[in-house]
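These notes concern the structure reproduced below.
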Amino acid sequence: MAVSGRAVSAIGLLVLVGACGGGGGGGGSSLPTGPNVQSVAVSPSAAPFNNVNLLFTTVTICVPGTANCQTIDHVLVDTGSVGVRIMASALSPSLILPQSRDVGSNDPLVTCGRFASGSTWGPVTIADVRMASEIASSVPIQIIGDSTFPTVPAGCPAPRINSVSTLGANGLLGIGLFRQDCGTLCEQSTGPEVYFACVGSTCAEVTTPLNQQVSNPVALFAVNNNGTVVTLPPIGTSGASGATGALAFGIGTQGNNGLGSARVQTVDPDFGTFETVVNGISYTSSFIDSGSNALFFNATFDPSILTCTPTSANPNLGDFYCPPTIKNPVAMNQQHSGGGAAIPVSFQVANASTLNSSFFAFNNLAGPGPGSVFDWGLPFFYGRSIYTAIEGQNTPAGPGPYLAY
């Protein structure tokens, strides 16, 4: 789920009701441990419906400089966006966070988090963010669905992802390639329609300094602040009931987060994208995103990869592919301009209608996407360690932004 102002957006989170199938639990991969590591898990969503391939962790939110804190569970780990965004309904009334204010008018600052699957609307507040042993102090975060600001400007696109039931999570942990969700674009222009100064039901677009924008908490840690490593165990082609992995903070800063044999994937420095080529078909706006629950792409390279037919029992099945047999394409990922060494990647596409309805982890779930986009969603993460290096932060492989796997 990538913010569209900085990167090509994720396609979204889609409900899947499967049928029959077999398999087991995820496991069998060594996970890093240490004070800079916390657990992540693929499990049922926080909403009444049960979505698949959702990667969750916990985040502790505190009133700045105090011990008045709340730990929020079922927060979606999203390497394709930037910023902590918490549902207002998940927050305790006793946790009153300071409201950020527009530097020009001193009116409350409210933001429209823009995603391809919709938008989140709510105020920018200031919080200390704690994960593992790390603390990011005075971080601008978004509170989604705060009833204090019920009127959503017309420029903030529908549908709204303003509730636990629409997101499937209590919040979003955006730990992508950039330091802020919008960067210099929103610092210099109101065109993106991301930040607003609001009084009652009246909101005006405003430019917003970098230090007031919803920010990547990892970049604000005292140490281990140059990126993240998400490690998930491998799972079989039949899927798994779930999967437990690790989120390590820092790249090459500790003995548990070195690059090792991982290969660096260079990206466009402004949008975080690269090029994927499959059977001669080029996808120039490709990205890696743990917030997408499937691989999303236009399957023009193989006409037998057909879109599923929705059913009355599963009206969302049309969001996925249903080839007659499991497909095993090989892609080449390379620098956006075509330069640099290409990285070969094998992937699978299964028939979504045959997947086990009692499982929540699948490494071969895929669906249709825009023609120039290859969204390497959560299925890409199983059996890998995915490194996300933050822009401008030094690492053993040079400064970010880059990806490695």
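The values are calculated or read from the model by the stated rules, or taken from the named source; none is laboratory data. Values in this document were obtained by computation on a predicted structure and should not be read as measured data. Cβ placement follows ideal geometry from the backbone for every residue including glycine, while neighbour counts extend to all protein chains displayed. Side chains are part of the model used for accessible areas, which takes the heavy atoms of the whole protein and leaves out ligands, DNA and RNA. Shrake-Rupley method; radii C 1.70, N 1.55, O 1.52, S 1.80 Å.
Please name which of 33, 145, 51 has its Cα lying farthest along the dipole of the chain towards the positive end, using unit charges on Cβ (Lys, Arg +1; Asp, Glu -1) and the Cα centre as origin.
33
What span do the alpha-carbon atoms of the range 259-333 cover on each of the three principal axes, reported in whole Å from largest to smallest?
For the range 259-333, the Cα spread along each principal axis is 45, 26, 26 Å.
Which of the peptides 145-156, 267-278 is most tightly packed, and how do the rest follow, going by the mean number of other Cβ atoms within 10 Å of each residue?
Peptide ranking by packing, descending: 267-278, 145-156.
Per-residue counts of other Cβ atoms within 10 Å, averaged by peptide: what ranking do you get for 170-179, 280-289, 375-384, 346-355, highest first?
My ranking of the peptides, most packed first, is 170-179, 375-384, 280-289, 346-355.
Calculate log10 I(q)/I(0) of the range 327-404 for q = 0.23 Å⁻¹, where I(q) comes from the Debye formula with a single equal point scatterer on each Cα and nothing for solvent.
Log10 of I(q)/I(0), two decimals: -1.27.
Using 0.36 nm per residue, how much length does the chain from residue 301 to residue 158 gain when fully extended, once their Cα-Cα distance is taken away?
Result for the pair: 48.3 nm of gain on full extension.
Report the relative contact order of the chain, percent, no decimals, based on alpha-carbon pairs under 8 angstrom and at least 6 residues apart.
Worked out over the chain, it gives 22 percent.
Work out the P(r) tail for the range 96-238: percent of alpha carbon pairs separated by more than 24 Å, whole number.
Looking at the range 96-238, the distances longer than 24 Å represent 34 percent of pairs.
In Å², and per residue, what accessible area does the chain have when probed at 1.4 Å with the other protein chains present?
Roughly 35 Å² per residue, with all protein chains present.
Note down the nm distance, to one decimal, between modelled labels 7 Å out along Cα→Cβ at residue 96 and at residue 187.
The two pseudo-label positions are separated by 3.3 nm.
Of the accessible area of the chain, with the probe set at 1.4 angstrom, what percent is carbon plus sulfur?
53 percent
Only one of the listed values, [x] 42; [y] 36; [z] 54, was derived from the coordinates as percent of Cα pairs over 30 Å apart; which label is it?
The listed entry that was calculated here is [y].
Between the range 267-300 and the range 66-142, what is the separation of their alpha carbon centroids in Å?
Here the answer is 28 Å between Cα centres.
Could you sort the peptides 89-98, 192-201, 247-256 by per-residue average Cβ neighbour count (10 Å cutoff), highest mean leading?
Top of the packing list down: 247-256, 192-201, 89-98.
Between residue 332 and residue 70, what is 0.36 nm times their sequence separation minus the Cα-Cα distance? Round to one decimal in nm.
Separation in residues times 0.36 nm, less the Cα-Cα distance, equals 90.0 nm.
For labels at residue 105 and residue 202 in the simple 7 Å Cα→Cβ model, what's the distance in nm?
0.8 nm
Please work out how much length the chain gains when fully extended from residue 325 to residue 237, using 0.36 nm per residue of separation minus the C-alpha to C-alpha distance, in nm with one decimal.
30.5 nm
Assuming R0 = 41 Å, can you tell me the calculated FRET efficiency for the pair residue 354 and residue 89, based on Cβ-Cβ distance, to the nearest 0.05?
The pair residue 354/residue 89 has a calculated efficiency of 0.70.
Kindly provide the helix-only [θ] at 222 nm of the chain, computed as the sum of -39,500 (n - 2.57) over DSSP H runs of four or more divided by all residues, to the nearest 500 deg cm²/dmol?
Calculated mean residue ellipticity at 222 nm is -500 deg cm²/dmol.
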